[in-house]
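Asks: Structure below; questions to follow.
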Amino acid sequence: MAARSSKSTKNSLAFACDHNHDTCIEEALENARLVCEQSGERFTDLRMQVFELVWAGHKPVKAYDLLSELSAKRSGVAPATVYRTLDFLQAQGLVHKLESLNAYLGCSQPKQVHQGHFLICESCEEVRELESKAFNKSISEVEDKQDFQVKHMTVELFGLCAKCQGQNVDPTGNL
Ligand SMILES: [Zn+2]
Ligand SMILES: [Zn+2]
Ligand SMILES: [Zn+2]
């Protein structure tokens, strides 16, 4: 397994939740490599760098922020290159696009076929993927009843994460 090309300097972006984000990125990179291998695609340096930047934290990242961070790592990066790479990663199911925020998020379950359902915290901007069988079931029911085939679906639920709800109670925020 290839070494990470660079150390993430954006620790402030890291998930505040109790997990080791370094391991989390390592696993995501390993998964991404496998996904590309299985679909006969190359996980090039550029693709890896963009993927890694998206995975810097569990917060959605805008394309132009990726562009400026990427420009610091390699010269001559055109916006079109970034968009093309993001399209590729999206097509492989490695990143999701959050339509309402026009931003990208790394997917933690790239090997499973799923639609994007997100819980977005309005306070800390952390985003979690929602996995709800009940929700998927109701969509299937709608498809049956309305005789409508859903091709694409983005569900974005805005609110407060557990941590930020706690901050209303504890003004120090040190939980
Ligand atoms: Zn993480
Ligand atoms: Zn996902
Ligand atoms: Zn939050």
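Asks: Considering the dipole of the range 11-169 built from charges on the beta carbon (Lys and Arg +1, Asp and Glu -1) around the Cα centre, which of VAL113, HIS19, LEU89 is farthest to its positive end?
Replies: Checking the options against the dipole of the range 11-169, the answer is LEU89.
Asks: How much space per residue, in cubic angstrom, does the convex hull of the C-alpha atoms of the range 20-118 take up?
Replies: 97
Asks: If you project the alpha carbons of the chain onto their three principal axes, what span does each projection cover, largest first, in Å?
Replies: 51, 48, 29
Asks: A further question follows. Could you give the accessible area per residue of the range 11-169, probe 1.4 Å, as a whole number in Å²?
Replies: Working: 9270 Å² over 159 residues.
For the range 11-169, the solvent-accessible area averages 58 Å² per residue.
Asks: From the protein chains alone at 1.4 Å, what is the descending order of accessible area for ASP144, ASP65, ASP87, largest first?
Replies: ASP144, ASP87, ASP65
Asks: Hey, another quick one. Leaving ligands, DNA and RNA out of it, report the carbon-plus-sulfur percent of the accessible area of the chain at a 1.4 Å probe.
Replies: Result for the chain: 50 percent of the exposed heavy-atom area is carbon or sulfur.
Asks: Something else about it: Between GLU126 and residues 5 or more places away or on another chain, which pairs have amide H atoms under 5 Å apart, with H built 1.01 Å from N, and which residues are they?
Replies: CYS121
Asks: Something else now. Strictly over 24 Å apart at the Cα level, which of LYS111/LYS133; LYS97/LYS133; LYS137/LYS163; LYS62/LYS137; LYS73/LYS163; LYS111/LYS145 would you flag in this model?
Replies: Details: LYS111/LYS133 17 Å; LYS97/LYS133 21 Å; LYS137/LYS163 29 Å; LYS62/LYS137 32 Å; LYS73/LYS163 33 Å; LYS111/LYS145 30 Å.
From LYS111/LYS133; LYS97/LYS133; LYS137/LYS163; LYS62/LYS137; LYS73/LYS163; LYS111/LYS145, over 24 Å: LYS137/LYS163; LYS62/LYS137; LYS73/LYS163; LYS111/LYS145.
Asks: Additional query: Enumerate the amide H contacts of VAL95 below 5 Å, restricted to partners 5 or more residues apart or on another chain; note that Pro and chain-start residues carry no placed amide H.
Replies: HN-HN under 5 Å from VAL95: GLN90, CYS107.
Asks: About its Cα centre, what dipole magnitude does the range 11-169 give when the only charges are +1 on Lys and Arg Cβ and -1 on Asp and Glu Cβ, stated in debye to the nearest 20?
Replies: 260
The values are calculated or read from the model by the stated rules, or taken from the named source; none is laboratory data. This structure is a prediction, so every number in the text was calculated from the model and none was measured. Glycine also receives a Cβ, built like all others from the backbone with ideal geometry; neighbour counts cover every protein chain displayed. Quick note on the areas: whole protein, heavy atoms, side chains included, nothing else; ligands and nucleic acids left out. Shrake-Rupley method; radii C 1.70, N 1.55, O 1.52, S 1.80 Å.
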